[in-house]
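Have a look at the structure below before the remarks.
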Amino acid sequence: MAPEVHTVAVIGAGKIGELMLSGLLRSGWPVERLLATARRPARAEELTARYGVRVVDNLTAVDEAEVLAVSVKPQDAAALLDEIGPKVPADKLVISLCAGLPTAFFNRRLPEGTPVVRVMTNTPALVDEAMSAISPGAHATGAHLALAEEMFKPLGATLRVPESQQDAVTALSGSGPAYFYLLVEAMIDAGILLGLPRQVAHDLIVQTAIGSAVMLRDSGEHPVKLREAVTSPAGTTINAIRELENHGVRAAMLAALEAARDRARELAAQAD
Ligand SMILES: NC(=O)c1ccc[n+]([C@@H]2O[C@H](COP(=O)([O-])OP(=O)(O)OC[C@H]3O[C@@H](n4cnc5c(N)ncnc54)[C@H](OP(=O)(O)O)[C@@H]3O)[C@@H](O)[C@H]2O)c1
């Protein structure tokens with residue numbers, strides 16, 4: 001694929017930027033078609049040592065790359081765009097990985113007509129099991145979306161969503177891995193409460209999480225059906241479920257995701 005492979009610059013290669021770099025490399029993207037930028041020299045050295053990728057300054061990245069993947073924190077985006085915005089030719093594709101920031105935020109700081117695609121991915125990209133939701137900004141065409149998909153497909157699943165849904169996506173799948181980790185952590189504690197050694201509790205729950213996730217993905221069944229299959233009349237599971245309902249776990253989930261969605265909106269307002 002080498003001749004038509006675009007040069008991609010990951011601008012602000014922190015945790016998410018690094019996930020993208022490593023995923024693209026695993027998918028066979030040639031290292032000479034990748035660039036990265038970083039603020040601290042130590043970070044730049046780390047990225048070069050780990051991936052052999054060329055780390056350059058932001059303006060060199062703008063100059064040399066066809067695709068700019070911006071992965072700075074939302075609160076750093078305005079300063080970055082002040083620096084590079086005027087130098088970005090209007091035909092370059094800008095991919096934003098920043099939580100909360102609308103594509104309009106980028107378009108206000110980039111030359112008229114610059115295509116921007118917003119992507120919300122998540123940390124399971126590290127094991128090629130990311131969920132990446134992709135939305136076009138005002139000037140992004142089908143070809144731009146297809147290119148963004150080509151870059152994120154090797155990292156896991158992709159889904160096109162209208163940009164208006166991206167704050168909800170951020171709350172659900174962007175932050176989602178943290179909720180599952182919290183649940184697993186709590187279940188390991190519960191195992192310890194019941195007298196199991198920590199490692200045994202850990203192994204039981206991690207494999208149960210993997211098995212349940214694979215069934216959710218592959219069985220085609222609704223989660224309610226899958227749960228019902230484990231919930232026999234007057235059995236153990238229904239007793240546990242009554243306690244989960246008594247403690248408002250379902251309501252807590254609704255409130256938690258609403259809070260995450262609201263925080264995404266706040267971050268966007270503060271970044272402006
Ligand atoms: N973490 C997640 O699970 C997750 C999930 C989905 C989306 N996101 C989004 O991904 C973005 C990055 O998050 P993160 O967790 O990867 O943060 P991070 O680890 O702090 O990465 C951001 C990187 O950008 C660098 N940077 C900041 N300003 C720069 C500039 N002007 N020029 C060059 N580099 C610059 C920072 O350098 P220094 O290290 O030197 O400060 C840092 O390495 C955020 O917008 C976040 O909303 C994160």
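The values are calculated or read from the model by the stated rules, or taken from the named source; none is laboratory data. As the structure is a computational prediction, the values presented were derived from the model and not from experiment. Accessible surface is based on the protein model in full, side chains and every heavy atom, while ligands, DNA and RNA are left aside. Shrake-Rupley method; radii C 1.70, N 1.55, O 1.52, S 1.80 Å.
So the values come out like this:
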read-out	value
Over the chain: helical MRE at 222 nm, DSSP H runs n ≥ 4 each giving -39500 (n - 2.57), nearest 500	-16000 deg cm²/dmol
Rounded to 10°, Cα long-axis angle of helix 142-152 versus longest principal axis of the chain	60 degrees
The chain: angle of helix 249-271 to the longest principal axis, Cα-based, in degrees nearest 10	20 degrees
Candidates Gln207, Gln75, Gln166: whichever shows maximal mean-square fluctuation once the chain is modelled as a Gaussian network with Cα springs under 10 Å	Gln207
Residue order for Met253, Met20 - accessible surface, 1.4 angstrom probe, largest first	Met253, Met20
GNM top mover of Asn58, Asn239, Asn122 - the chain, alpha-carbon springs below 10 Å	Asn239
J(HN,Hα) series, segment 68-79, from Karplus relation 6.51 cos²θ - 1.76 cosθ + 1.60, nearest Hz, glycine and proline x	10, 9, 8, 10, 7, 5, x, 5, 9, 5, 5, 5
Global form of segment 17-154, assessed from the alpha-carbon gyration tensor, a/c cut-off 1.5	oblate
Heavy-atom accessible area order for Val169, Val119, largest first, 1.4 Å probe	Val169, Val119
Rounded accessible area per residue of the chain, 1.4 Å, Å²	54 Å²
Per-residue HN-Hα couplings for segment 59-65 [Karplus 6.51, -1.76, 1.60; θ = phi - 60°; Hz; x = Gly/Pro]	6, 5, 4, 4, 5, 8, 9
Backbone HN-Hα couplings from phi across segment 114-119 [Karplus 6.51/-1.76/1.60, Hz, Gly and Pro as x]	5, x, 10, 10, 9, 10
Accessible carbon and sulfur surface of segment 1-107 relative to its total accessible area, %, 1.4 Å	54 percent
Eligible aspartates and glutamates near Lys153 by straight Cα distance, threshold 15 Å, same-chain separation 8 or greater	Asp128, Glu129
Whole-Å semi-axes of segment 1-95's equivalent ellipsoid (Cα gyration tensor)	19, 17, 11
Under the Debye formula (equal points on every Cα, no solvent term), log10 I(q)/I(0) of the chain at q = 0.12, 0.15 Å⁻¹	-0.81, -1.11
C-alpha long axis of helix 176-193 to longest principal axis of the chain, angle in °	30 degrees
